[in-house]
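The values are calculated or read from the model by the stated rules, or taken from the named source; none is laboratory data. On a predicted model such as this, the values are computed, not experimentally measured, just so you know. As a convention, Cβ positions derive from the backbone with ideal geometry for all residues, glycine included, and neighbour counts pool all protein chains shown.
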Amino acid sequence: MKPDLRGPVSLTQYLTEERRAGYGDTDLIQLLEIVARACKRIAVATGKGALGGVLGEAGTGNIQGEAQKKLDVISNEILLDANAWGGHLAACASEEMEHPQQIPDAYPRGGYLLLFDPLDGSSNIDVNISVGTIFSVLKRPGGHRGRVETSEFLQPGTNQVAAGYVVYGSCTLLVLTLGHGTHVFTLDREAGSFILTRRDVQIPEDTSEFAINMSNQRFWEAPMQRYIGDLLAGKEGPRGRDFNMRWVASMVADVHRIITRGGIFSYPLDSKIKAKGGKLRLMYEANPMSFIVEQAGGAAHTGRERILEVQPEGLHQRVPVILGSKNEVAQAVRYHTDA
């Protein structure tokens, strides 16, 4: 990872330079600015914790059948409200809602579609572990007119024009790609601005660190059983070296560690979730994270195909995920293809 040597560059300046270089139009740049501002509001809410009354259950469930935390609901509303009036969006879709949210008729419609997981890792909120927001931007194939149909969102990840995530941790970080590199911005809380702190992040191609929920091991398919078994065998095993395991149970936190220092993250198919197709949502988690990881020199796969080439069949479709350091992902995929 290379530090930026030109002095402080704000997110606004960076996005303006991107537009001048031909990466995105004015609407896309303004949309990303609005998302970043909304995430600053979410950062304030998460930072207050019990003082802000945001901890605990909301008493409602989402379309995934999961109990919502108060901060799930708050974060979702912040993102919906922020993006309703700007004129850059045709519609948005949230992991927390069954159907896309149309832009109200009182406001102009733009040519972009926004998808987001408003608060990834929300089960960790009450114990003060890092959580985050994940988002993805697509172009609307039908132009600016009329009601947006769900089918318009069902584009493969290769069609993404931008993706990012925000980590709400000891500091607030925005990791962003517009399709030519992955860049990290740190929120200057005093100034209220995201500042570019890492340009063109590169994930090491090799790693000795893996992230996986070992409590599900007995449910995994045979290829993943063999792969993890060989990692755990260490120096005496076929890989000939020791591996370390890390698991936060917040995808944003686990992937950010990989973005920072390398590693491999897996949420494989298992017998408990096979009927659903996997654990993680293709449109809200797997696609944007895969785009970010690939733009940082990593790889992302389901074990059967490249994630970004999966043709979505539903707004809340789930897939297995293996992503991170390029050579290690290739090793894990080889266990699946050999099977």
query: Do any residues in region 72-99 that are under 18 Å from L119 (Cα atoms) and in contact (Cβ under 8 Å) with a residue 40 or more places away in the chain have Cβ atoms under 8 Å from those of residues that are among the basic types (K, R) and assigned to a strand (DSSP E or B), where the two are at least six apart or on different chains, and which pairs are they?
result: E95/R281
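Has region 236-251 got any residue that is part of a helix (DSSP H, G or I), more than 16 Å from the chain's Cα centre (by Cα) and assigned by TED's automatic domain parsing to the domain that holds S290?
Quick first cut of region 236-251, residues part of a helix (DSSP H, G or I) only: 236, 251.
Narrowing further to those that are more than 16 Å from the chain's Cα centre (by Cα): 236.
If we keep only those that are assigned by TED's automatic domain parsing to the domain that holds S290 too, we end up with 236.
Checked against the condition, which is being part of a helix (DSSP H, G or I), more than 16 Å from the chain's Cα centre (by Cα) and assigned by TED's automatic domain parsing to the domain that holds S290, region 236-251 yields at least one hit.
Is it true that I258 is of a type outside the set (G, A, S), assigned to a helix (DSSP H, G or I), under 25 Å from Y165 (Cα atoms) and not assigned by TED's automatic domain parsing to the domain that holds S123? Reasoning before the result, please.
Numbers: of a type outside the set (G, A, S): yes; assigned to a helix (DSSP H, G or I): yes; under 25 Å from Y165 (Cα atoms): yes; not assigned by TED's automatic domain parsing to the domain that holds S123: yes.
Yes; evaluated as a whole, the condition is true for this residue.
Evaluate region 88-95: report whether one residue or more is surrounded by fewer than 18 Cβ atoms within 10 Å (Cβ to Cβ) and not in a strand (DSSP E or B).
no
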Given (1) within 15 Å of I322 (Cα to Cα); (2) touching a residue at least 24 places away in the same chain (Cβ under 8 Å); (3) of a type outside the set (S, T, Y), number of the condition Q225 does not satisfy: (2)
task: Taking N124 as the residue in question, decide whether it is out of contact with any Leu (no Cβ under 6 Å at 6 or more places or on another chain), surrounded by 15 or more Cβ atoms within 10 Å (Cβ to Cβ) and in contact (Cβ under 8 Å) with a residue 12 or more places away in the chain.
output: yes
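Look at M224 and say whether it is over 23 Å from V167 (Cα atoms) and either hydrophobic (A, V, I, L, M, F, W, C) or part of a strand (DSSP E or B) (or both). First the steps, then the outcome.
Details: over 23 Å from V167 (Cα atoms): yes; either hydrophobic (A, V, I, L, M, F, W, C) or part of a strand (DSSP E or B) (or both): yes.
In short, yes.
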